[in-house]
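One structure below.
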Ligand SMILES: Nc1ncnc2c1ncn2[C@@H]1O[C@H](COP(=O)(O)OP(=O)(O)OP(=O)(O)O)[C@@H](O)[C@H]1O
Ligand SMILES: [Mg+2]
């Protein structure tokens, strides 16, 4: 009896295993089928262990963004530069045949919420490669030597794969530093500059800052291109509304709505659109109205002002 039951167990477990294998195979086939429709190749590079700080905290995060350039509203100049850079990256080998390299170190400068991080994501997405975001909070330590070591680890790691590397808020350690208290930061930024200078890879390195103009000239010189970001103009707000509201039925006077939004950043306008969407859902309205947008814009501008954020 015992023998019999252990035999049944064995059969059951063998069947179970077969079943699982079949399930795995089905899942694999499904993934492969889905993969055929993917624009981007799977990137084994994302499997490489990320560099750690001396305290064993990850120095970077790796992601595969899904933001497309079409979702962004940028100035014509910035768009044109972004497209040229994409083109150069896509044709690296053609450039190399003539001893040329693509522009690969970019500084994106402008106020908060105007699409700098989104641009880094869209570039990675368009190139079909992952985005490696440097975690400055983990990189910067109170010891210069340690910070330098962290930066070195990141740059070394970034050379092992093909991806976009982004350093957000680079001004944290690269602003104008006349203040004697900032002597330490000055040395840190010197280290970063040196490492950027020596960074010998065609990988796109994207640094972002909210204080472009206050960065010192030594910083600017290290970049192949500086892209300037601004709050959207009224006609850009027209486009932004189209993009942000496209999932919802809306009947708005764009002239009036965009006038109420002038002075806000893209991110703030997105927040207004989300307010309007939530309201229309909860009110059971057929469409988003001009008043929904204008009311939220007025309320948000007032709140931002109260919170001490300057609005144009
Ligand atoms: N130019 C833009 N076009 C469309 N959407 C935008 C744009 N800029 C910002 N957004 C929206 O606002 C959000 C925040 O944008 P993002 O993180 O790119 O801003 P940022 O410029 O990097 O700001 P910060 O300087 O604070 O890091 C994004 O998720 C995006 O949805
Ligand atoms: Mg950002």
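The values are calculated or read from the model by the stated rules, or taken from the named source; none is laboratory data. All of these numbers come straight from a predicted model, not from anything done at the bench. Cβ: placed from backbone, ideal geometry, glycine included. Neighbour counts: every protein chain shown.
Is it true that some residue in segment 208-226 is under 22 Å from residue 115 (Cβ atoms), exposed (fewer than 15 other Cβ atoms within 10 Å of the Cβ) and at pLDDT 95 or above? No, segment 208-226 contains no residue that is under 22 Å from residue 115 (Cβ atoms), exposed (fewer than 15 other Cβ atoms within 10 Å of the Cβ) and at pLDDT 95 or above. Do we have any residue at all in segment 201-215 that's away from ligand 2 (no atom under 16 Å from the Cβ), without any contact (Cβ under 8 Å) to a residue 12 or more places away in the chain and assigned to a helix (DSSP H, G or I)? Looking for residues that are away from ligand 2 (no atom under 16 Å from the Cβ), without any contact (Cβ under 8 Å) to a residue 12 or more places away in the chain and assigned to a helix (DSSP H, G or I), one finds none in segment 201-215, hence no. If the condition is being more than 15 Å from ligand 1 (Cβ to nearest atom) and within 14 Å of residue 166 (Cβ to Cβ), then segment 86-127 contributes 104, 105, 127. Those residues that are out of contact with any helix residue (DSSP H, G or I) (no Cβ under 7 Å at 6 or more places or on another chain), touching a residue at least 60 places away in the same chain (Cβ under 8 Å) and either on the phi < 0 side of the Ramachandran plot or not assigned by TED's automatic domain parsing to the domain that holds residue 67 (or both), I need them from segment 113-153; list them, please. Residues satisfying the conditions are 116, 117, 120, 124, 125, 129, 133, 135, 138, 146, 149, 153. Against the condition surrounded by 16 or more Cβ atoms within 10 Å (Cβ to Cβ), more than 16 Å from ligand 2 (Cβ to nearest atom) and free of Cβ contacts under 8 Å to residues at least 24 places away in the same chain, how does residue 278 come out, does it pass? Here the answer is no, as residue 278 does not meet what is asked. Please go through segment 126-146 and give me each residue that is within 16 Å of ligand 2 (Cβ to nearest atom) and under 12 Å from the mean Cα position of the chain (by Cα), ordered by number. Result: 131, 132, 133, 134. Any residue at all in segment 163-173 that's under 24 Å from the mean Cα position of the chain (by Cα), at pLDDT 85 or above and surrounded by fewer than 17 Cβ atoms within 10 Å (Cβ to Cβ)? No, the conditions are met nowhere in segment 163-173.
Got at least one residue in segment 92-109 being within 15 Å of ligand 2 (Cβ to nearest atom) and surrounded by fewer than 15 Cβ atoms within 10 Å (Cβ to Cβ)? No, segment 92-109 contains no residue that is within 15 Å of ligand 2 (Cβ to nearest atom) and surrounded by fewer than 15 Cβ atoms within 10 Å (Cβ to Cβ). Looking for something surrounded by 15 or more Cβ atoms within 10 Å (Cβ to Cβ) and at pLDDT below 50 - is there at least one such residue anywhere in segment 44-65? There is no residue in segment 44-65 that is surrounded by 15 or more Cβ atoms within 10 Å (Cβ to Cβ) and at pLDDT below 50.
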